[in-house]
Each structure stands twice: as structure tokens, then as C-alpha cells.
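The values are calculated or read from the model by the stated rules, or taken from the named source; none is laboratory data. Everything quoted here is computed from the prediction, not taken from an experiment. Using ideal geometry, Cβ is built from the backbone for each residue, glycine included, and neighbour counts are taken over all protein chains shown. What goes into the accessible areas is simple: the full protein's heavy atoms, side chains included, and nothing from ligands, DNA or RNA. Shrake-Rupley method; radii C 1.70, N 1.55, O 1.52, S 1.80 Å.
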Amino acid sequence: MKNEQLLLIMAERILGEKAANIVTLLLENDELTDEAISRAIKLDINETRRLLHRLFDLNIVKYRRIRDEKIGWYTYLWRITDSSPEAIIALRKKRVLEKLKRRLEYELDGPYYYCGKCNTRYTFGEASSYMFMCPKCDEVLSPYDNSKLVEKLEKIIRQLEETPP
Ligand SMILES: [Zn+2]
């Protein structure tokens, strides 16, 4: 598979069709401003910019900015990254792992309590300050068993760490 196709598939899988449209457009053009991209794919400018920044976070696109001397504003010129798809995938994996580990840490930082009526979760500190009653519905809070979730998170993290980049 060509590198370009890989970038396109990643953009589509992670961010959806609109992001894939941006990548297609940039693959056909050398460099474009966010306004030009917005017009070409008929997408609202703020949504276009949001997707461009998400694509930048994933290392799929990059930009350079030039300053308009007259009005003093910056123009951003976007293009496809020079990074290899392997590097992009490795970065993505690193980010996902960081996120999963933060979530695991949070889950291990219990005990937690929850309200069976509104499904809100509380930390021990919160629950005890509410006298173990939900402040929203006046229901008695139950201990929240997250052992299954912890197990699942640990398994996913292990699997991700074991697969080669
Ligand atoms: Zn409640």
C-alpha cells in the first residue's frame, strides 16, 4: 500500500470522512490555506480548522505560518507531513497508551461510589462529604466495582505494548 493511501485511511478511521477529504485535497495540492481548504471541501471554517489541528496532532499534516506585513495577521499554509506512516502509527500508539494508562490510574485510585438512579460516580472524598447520599437524587450511594474495567484496561495495555510498532 502506498504511503498516501495509508494516511488517508488513518485520517478516515480516526477522524472521519471530512478529515479524509482534507487529506485528499492536500495530497493533490502542495500547500493550501485553511480558507482555501474550507472553500474546496465546502466545510465551515471553524470545523475545518478544528480538523486540521486534529490532523496535526496525529502528525498527518503540518503547517508553516506567514505574516501579512500590512494587516499583521498570520496565514497558515497546510501540507502533508514528511513523516513515514510507521512514525505516525508509532506516535498514535504512544498517545493511545498514555490515555489508557491515565484512565487505569484513575480507576485504581478508588474506591468509588455511584448512584444507581442517575449513574453518577463519586470519589470516596465526595461520597463521604455527601454522607453517601446522591446530592442530585437523595439515593444511597453504592460501592462502585470497577474490577472488570481495570482488568479490561490492563489487558488492552498489555496487548498494545506487546504488538510491535
Ligand atoms: Zn443520583
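Here Leu58 does not fit the description of being open to solvent by 100 Å² or more (accessible area, probe 1.4 Å), under 30 Å from Lys155 (Cβ atoms), of a type in the set (A, V, I, L, M, F, W, C) and more than 16 Å from the ligand (Cβ to nearest atom). Within region 128-158, the set of residues being open to solvent by less than 100 Å² (accessible area, probe 1.4 Å) and within 25 Å of the chain's Cα centre (by Cα) comprises Asn146, Leu149, Val150, Leu153, Glu154, Ile156, Ile157.
Evaluated against (1) under 20 Å from Gln5 (Cβ atoms); (2) crowded, with 16+ Cβ neighbours inside 10 Å, Ala87 falls short on exactly one condition, (2). Scan region 118-127 and give yes if some residue there is within 16 Å of the ligand (Cβ to nearest atom) and surrounded by fewer than 14 Cβ atoms within 10 Å (Cβ to Cβ), otherwise no. The answer is yes, given that some residue of region 118-127 is within 16 Å of the ligand (Cβ to nearest atom) and surrounded by fewer than 14 Cβ atoms within 10 Å (Cβ to Cβ).
The single residue among Lys155, Lys101, Lys93 that is more than 16 Å from the ligand (Cβ to nearest atom), within 20 Å of Ile14 (Cα to Cα) and modelled with pLDDT of 95 or more turns out to be Lys101.
One residue stands out among those in region 106-117 that are free of Cβ contacts under 8 Å to residues at least 24 places away in the same chain and surrounded by 11 or more Cβ atoms within 10 Å (Cβ to Cβ): the one that is nearest to Glu151 (Cα to Cα), which is Tyr106.
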